[in-house]
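One structure is given below, encoded as structure tokens.
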Amino acid sequence: MLVNDTIDGLQDLLGLLTSVNDKGWDSGYRESISRGRERSGNPHSYTEPLLSLRQALDHAKGAMAALSGVKQHLAKEIRSLQRRCTPLVLEDGIKRLPDELLAHIFKMGHDIADGCEFSLAVSHVSCRFRQVSIGTPRLWTRLSIIYRDDQIREFITHSCDLGLEVSDDLRFEGNTAQPFLELLGPLSSRWSSLDISSSLTEDMMQSLGITSFPRLRHIEYFSMFSPMTDISSWYLPSLSSIGTQGLPFTELERVALHARLTYIDLCLHMTRVDVTALSRALNGLKTLRDLSLTLSNCEETAEADRMDQIQTRERHSVNINTLTLAIRESPTKSLVEGIYNALSIYTPTEVHLSITTKVNYGSYNLSSQGKFFPYGCTIRIHFYPCTGGSNFYCGIPDILNEIVEHCDIARSVLLDFPSSDDGMDQLTCISPIRHLHLRNCDKLGERGVDELARTLLSAEEDKGLESLEIITCKGISEDFLLNLQDEVGPGLTWVM
């Protein structure tokens, strides 16, 4: 306690620290306790051993309170000194930085910013910053229709011969693509990335003969409602990545024939999904390593019934790095089952399944063939009810049992959803899972965590968990976790 800048119990704390410094913790602490016991009385007439234990506890609490007072004073001083030091340290540090390192910092800032806004900002700070930024070609490789023609010409000059990231950005009212494309068309051999927000841009590119892109690695297509021009006629020998909110699966098939696509990000919103075409397209992607698919307010087409007529690769026969599937706004169960069928050819190292729905998770965990989804070495399941959802239930034991039964390669599992304690006592073995992470399980109580940790962290070797992590679960206190960790060991960790 702080009173007029004095700290109660400071003398006792100094005595404890002196004893510990002289004799080590065990002997020094016992000596300090003995001195404190001599000075304290027995106002409550306790008998031994309660008397000694209460005196030791009071002494420890007093020392901790004094230590907290010291910490509070020191924290205030540190904050004050840091406020005074920070601008001076920054000024001194920047002066000491060699230009090569300053340029590297500028590149990092450019990478996390949009367009060339960061580059423009640092180039106006000082003469030195301007000289270094202009001499760093990477800062000037993003060319957008939002910039003036004279700015774009300057950017091109500063970018030297690096690949150019081109964006039409027709979402900005009043912009027209033709002058922009006429300026950049002659440099199409340098384009490394292309963001398209309208089919008008594609039509204009076709009419201007801008169809050869020997260095183009990534295309991002933003229009959800205008059909994309047939780009299979474009020269795209380096294309490896596509992100889209409107590319039809048939177009994806055509592109796949002419490019070695390793990454695809598909976002489908308020549309009818041809699962048959999706499956056929995925089967044609021989080099795919990362796939992300988002379904929002979608339903399947009648063609989905033809899934059985498609010759697909065997289940789990294609190894990829990551598979991400996000399901939004309660799509039909038959659509989700069809999507699972189409994705079942993959064995990803990491699979991320995110579902926001008004119904229980059990409605979305099987394909139409009755096979469990997801399947992978690392499985992350995020499941949240939509506003207005009722009778929501998602049980941790149910999902873990399904994974154990159907996914023999699972090693790490993250479950992120509301859940109760029901059934925790029935989990006796979740091999092959070695690492379990529970996040935002706000209905999970301390009883459930206790049963889970004591059963699985204490299990025999090769059958139990190596780690159990509790992440921001509101029904669980840190004091409870500290006490439980003392009993089950360091395999239990948490983030509050």
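Name the residue that is surrounded by the fewest Cβ atoms within 10 Å (Cβ to Cβ), counting only residues in segment 394-444 that are within 19 Å of residue 466 (Cβ to Cβ) and of a type in the set (D, E, K, R).
Here the answer is 408.
Being buried (at least 22 other Cβ atoms within 10 Å of the Cβ) and at pLDDT below 85 narrows it down to one residue among 200, 252; which is it?
Selected residue: 252, the only one of 200, 252 that is buried (at least 22 other Cβ atoms within 10 Å of the Cβ) and at pLDDT below 85.
So which pairs qualify, if the first residue must be in segment 262-277 and among the basic types (Lys, Arg), the second must be part of a loop (DSSP other than H, G, I, E, B) and surrounded by fewer than 20 Cβ atoms within 10 Å (Cβ to Cβ), the Cβ gap must be under 7 Å, and the two must be at least 6 apart or on different chains?
272/301
Taking residue 35, is it among the basic types (Lys, Arg), more than 52 Å from the chain's Cα centre (by Cα) and assigned to a helix (DSSP H, G or I)?
In short, yes.
Which count do you get for residues in segment 87-112 that are modelled with pLDDT of 90 or more and under 32 Å from the mean Cα position of the chain (by Cα)?
Looking only at that region, the number is 13.
Can you tell me which residue is farthest from the chain's Cα centre (by Cα) among those in segment 124-144 that are over 12 Å from residue 103 (Cβ atoms) and among the small types (Gly, Ala, Ser)?
Filtering first and then ranking leaves 126.
Just a yes or no: is a residue in segment 371-388 surrounded by fewer than 16 Cβ atoms within 10 Å (Cβ to Cβ), at pLDDT 85 or above and not β-branched (Val, Ile, Thr)?
Yes, there is a match, as at least one residue in segment 371-388 is surrounded by fewer than 16 Cβ atoms within 10 Å (Cβ to Cβ), at pLDDT 85 or above and not β-branched (Val, Ile, Thr).
Please list, ordered by first then second residue, the pairs with beta carbon atoms under 6 Å, 6 or more apart or interchain, first in segment 447-465 and farther than 17 Å from residue 477 by Cα and outside the structural domain of residue 435 (by TED's automatic domain parsing), second among the β-branched types (Val, Ile, Thr) and modelled with pLDDT under 85.
Hits for this filter: zero, empty list.
Search segment 289-328 for residues being touching a Ser or Thr at 6+ places or on another chain (Cβ under 7 Å), loosely packed, with under 15 Cβ neighbours inside 10 Å and modelled with pLDDT of 85 or more, and hand back the single one that is farthest from residue 346 (Cα to Cα).
Top of the filtered list is 321.
Would you check if there is a residue in segment 73-96 being under 30 Å from residue 156 (Cα atoms) and either free of Cβ contacts under 8 Å to residues at least 40 places away in the same chain or in the same structural domain as residue 11 (by TED's automatic domain parsing) (or both)?
Yes, there is a match, as at least one residue in segment 73-96 is under 30 Å from residue 156 (Cα atoms) and either free of Cβ contacts under 8 Å to residues at least 40 places away in the same chain or in the same structural domain as residue 11 (by TED's automatic domain parsing) (or both).
Mind listing whichever residues of segment 50-72 are polar (S, T, N, Q) and either outside the structural domain of residue 8 (by TED's automatic domain parsing) or in contact with a helix residue (DSSP H, G or I) (Cβ under 9 Å, 6 or more places away or on another chain) (or both)?
Passing the criteria: 52, 55.
Looking at segment 322-355 only, could you name the residues that are among the β-branched types (Val, Ile, Thr) and touching a residue at least 60 places away in the same chain (Cβ under 8 Å)?
Result: 339, 345, 347.
The values are calculated or read from the model by the stated rules, or taken from the named source; none is laboratory data. Remember, predicted model here, so these are calculated numbers, not experimental data. Reconstructed Cβ throughout: ideal geometry from the backbone, glycine too, with neighbour counts over all protein chains shown.
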